[in-house]
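This report concerns only the one structure given below.
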Amino acid sequence: MQMQDLLLRNVALPDGRAGVDVLVREGRIAAVGPALPAPQGIPALDGGGWLLSPPFVDAHFHMDSTLSHGQPRVNESGTLLEGISLWGELKPLLTQEALVERALRYCDWAVARGLLAIRSHVDVCDPRLLAVEALLHVKRQVAPYLDLQLVAFPQDGVLRCPGALENLKRALDLGVDVVGGIPHFERTMADGAESVRLLCELAAERGLRVDMHCDESDDPLSRHVETLAQQTHRLGLHGRVTGSHLTSMHSMDNYYVSKLLPLMAEAQLHAVANPLINIMLQGRHDTYPKRRGMTRVPELLAAGVNVGFGHDCVMDPWYPLGSADMLEVAAMGLHVAQLGSVAGQRACFDAVTVNNARVLGLEGYGLEPGCRGDFVLLQARSPQEAIRLRAPRLLVVRGGRVLARAPVQAVALELPGRPARVDFTLAPPARDEPGVAPPGGPEAGP
Ligand code: FE2
């Protein structure tokens with residue numbers, strides 16, 4: 001895609017600055033500041049004072065199964081294990097054309113939502129590598145407008161599933177970016193630990209990153225993340241390894257966690273929680289009280305671990321809902337982790353933007369001069385308001401080129417006994433906002 005020039009006038013930034021212009025030259029941000037001079041011949045757009053954010057990033061997704069809900073049947077129990085067996089029923093029926101079509105459709109949804117980078121796991125247990133080839137095709141096709149990073153994911157266990165290790169290596173040879181794993185699904189804890197060792201060694205040999213589904217259970221003794229941290233440390237993979245899900249940490253003994261958190265921080269492990277899916281799937285063996293089953297997000301953040309949030313699934317054997325909206329993911333993460341403070345809400349916004357960009361190792365991510373000219377204009381005034389309102393995406397830009405735009409959403413209210421008005425944002429009343437009475441003013445009353 002040709003890199004372009006663009007001047008975006010009058011936006012707010014996540015750091016609180018308002019009335020800022022952003023200039024993009026040849027696809028990169030050239031300047032950020034108030035009232036920038038307009039170079040000749042560069043198209044200018046009015047940002048209307050709305051919030052400009054770097055694009056949303058999804059650090060954990062399954063694009064090979066997305067939009068397959070109901071094929072060949074729905075998940076009646078709603079559990080992780082029925083989802084895995086349902087996916088096993090669907091695999092022999094998959095065609096490359098259907099995989100590509102569903103993935104491309106999801107990427108369209110993503111762009112419309114300002115989501116321009118996705119790390120997707122792709123199942124490598126099918127010896128045909130049908131999904132791998134389909135998603136590599138999709139990766140090339142969407143590259144001009146979306147970064148699709150692929151993880152070689154042995155869904156049925158790299159040791160448990162015959163041929164899975166060879167298939168995984170073939171997937172890497174074909175161009176899959178990251179080494180995946182699922183130690184808690186191996187036959188024994190010992191096999192799980194062995195899978196972590198051999199997969200981390202494979203990644204070290206090939207100079208690749210690692211992202212493992214790790215301890216996605218309610219078992220307080222599922223402790224593969226400890227092994228993952230240890231192997232990361234031993235092999236010098238610091239900052240290149242991600243533990244995804246980590247739901248068993250929810251149920252672990254507090255004393256053990258007090259030792260585990262510093263080990264994870266020491267290894268510079270990234271942690272990715274998937275709040276929508278894990279609030280749906282975990283705690284299924286409980287009666288009441290039912291565990292929430294999301295990993296310990298506030299404690300990980302406090303320990304200095306980079307924590308991202310993933311969408312994980314959209315309309316597939318594990319989850320019947322979703323629409324590529326990372327603000328919905330942030331909102332669920334915020335609630336489950338009880339991160340309602342101003343700083344906590346901001347951490348949840350970071351978890352679907354800058355923190356996920358760190359997980360993927362994205363180059364040139366951000367809104368500073370020199371970064372890629374990629375951003376999304378949100379109909380909100382702050383990151384907190386963006387989450388609260390699941391803010392509409394007004395403008396999605398990649399390399400200075402507009403990929404998607406939508407009009408400002410407004411509702412005309414015509415209420416009996418109240419002045420007619422247009423409500424743009426469901427924002428709280430402000431004294432200087434026309435048409436809104438100050439609290440206690442003439443419009444106040446029962
Ligand atoms: Fe997953």
Furthest towards positive pole of dipole, Thr242, Gly400, Gln149, structure part the chain, Cβ charges:
Gly400
Share of alpha-carbon pairs per 5 Å distance bin for region 295-397, given as whole %
2, 12, 20, 23, 21, 15, 6, 1, 0
Using 31 Å as the Cα-Cα cut-off, could you pick out the over-long pairs in Lys91/Lys259; Lys139/Lys290; Lys91/Lys169?
Lys91/Lys259; Lys139/Lys290
Report the label-to-label distance for Thr79 and His335 in nanometres (one decimal), using points 7 Å from each Cα along the Cα→Cβ vector.
2.5
Most to least packed among 305-314, 340-349, 366-375, 285-294 [average Cβ atoms within 10 Å]
305-314, 366-375, 340-349, 285-294
What GluC sites (Glu not before Pro) in region 45-123 are in a loop by DSSP, with at most 13 other Cβ atoms within 10 Å of the Cβ?
Glu76
Using the Cα centre as the reference, give the magnitude of the dipole from point charges on the C-beta atoms of the chain (Lys, Arg: +1; Asp, Glu: -1; all else neutral), rounded to the nearest 20 debye.
660
Give the accessible surface of the chain per residue, rounded to a whole number of Å², with probe radius 1.4 Å and ligands, DNA and RNA excluded.
41
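Over 15 Å apart: what share of the alpha carbon pairs of region 162-233 falls there, rounded to a whole percent?
Everything past 15 Å amounts to 51 percent.
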First compute the accessible area of region 56-360 with a 1.4 Å probe, then give the percent of it belonging to carbon and sulfur atoms.
55
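Rounded to two decimals, what is Rg over Rh for region 112-249 when you use alpha-carbon atoms and the Kirkwood radius?
That ratio equals 0.97.
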With only alpha-carbon atoms in the gyration tensor, what are the semi-axes of the equivalent ellipsoid for region 1-96, in Å, largest first?
47, 17, 10
Expected unfolding gain across Arg418-Glu166 under the 0.36 nm per residue rule, minus the alpha-carbon gap, is 83.8 nm
Report the one residue of Val179, Val74, Val352 whose Cα lies farthest in the direction of the positive end of the charge dipole of the chain (charges on C-beta: Lys and Arg +1, Asp and Glu -1; origin at the Cα centre).
Val352
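Report relative contact order for the chain in percent, whole number only (criteria: Cα-Cα under 8 Å, sequence separation at least 6).
Computed over the chain, the figure is 18 percent.
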Considering the dipole of the chain built from charges on the beta carbon (Lys and Arg +1, Asp and Glu -1) around the Cα centre, which of Leu129, Ser341, Gly47 is farthest to its positive end?
Gly47
What full-extension length gain, to one decimal in nm, is calculated for His233 and Ala31 as 0.36 nm per residue of separation minus the Cα-Cα distance?
68.8 nm
So for region 264-345, averaging the separation of alpha carbon pairs under 8 Å that are six or more residues apart and normalising by length, what relative contact order in percent results?
34
Volume per residue of the C-alpha convex hull in region 56-360, rounded to whole Å³:
116
In region 115-196, the trypsin sites (Lys or Arg not before Pro) that fall in loop regions by DSSP, at most 14 other Cβ within 10 Å
Arg128, Arg187
Only Lys, Arg, Asp and Glu count, each charged at its Cβ (+1, +1, -1, -1), so figure out the dipole size of region 15-154 about its Cα centre, rounded to 20 debye.
260
Label-reachable residues, region 67-82, where backbone N falls under 18 Å from a point 7 Å from Lys290's Cα toward its Cβ
75-82
On full extension of the chain, what length is gained from Val411 through Glu363, given 0.36 nm per residue of separation minus the C-alpha to C-alpha distance?
13.3 nm
Of all DSSP beta bridges located in the chain, what percent are antiparallel, nearest 5?
40
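The values are calculated or read from the model by the stated rules, or taken from the named source; none is laboratory data. These numbers come from a predicted model, not from an experiment. Methodologically, a virtual Cβ is constructed for each residue, glycine included, from the backbone with ideal geometry; neighbour enumeration extends over all protein chains shown. With ligands, DNA and RNA removed, areas are computed over all heavy atoms of the protein, side chains included. Shrake-Rupley method; radii C 1.70, N 1.55, O 1.52, S 1.80 Å.
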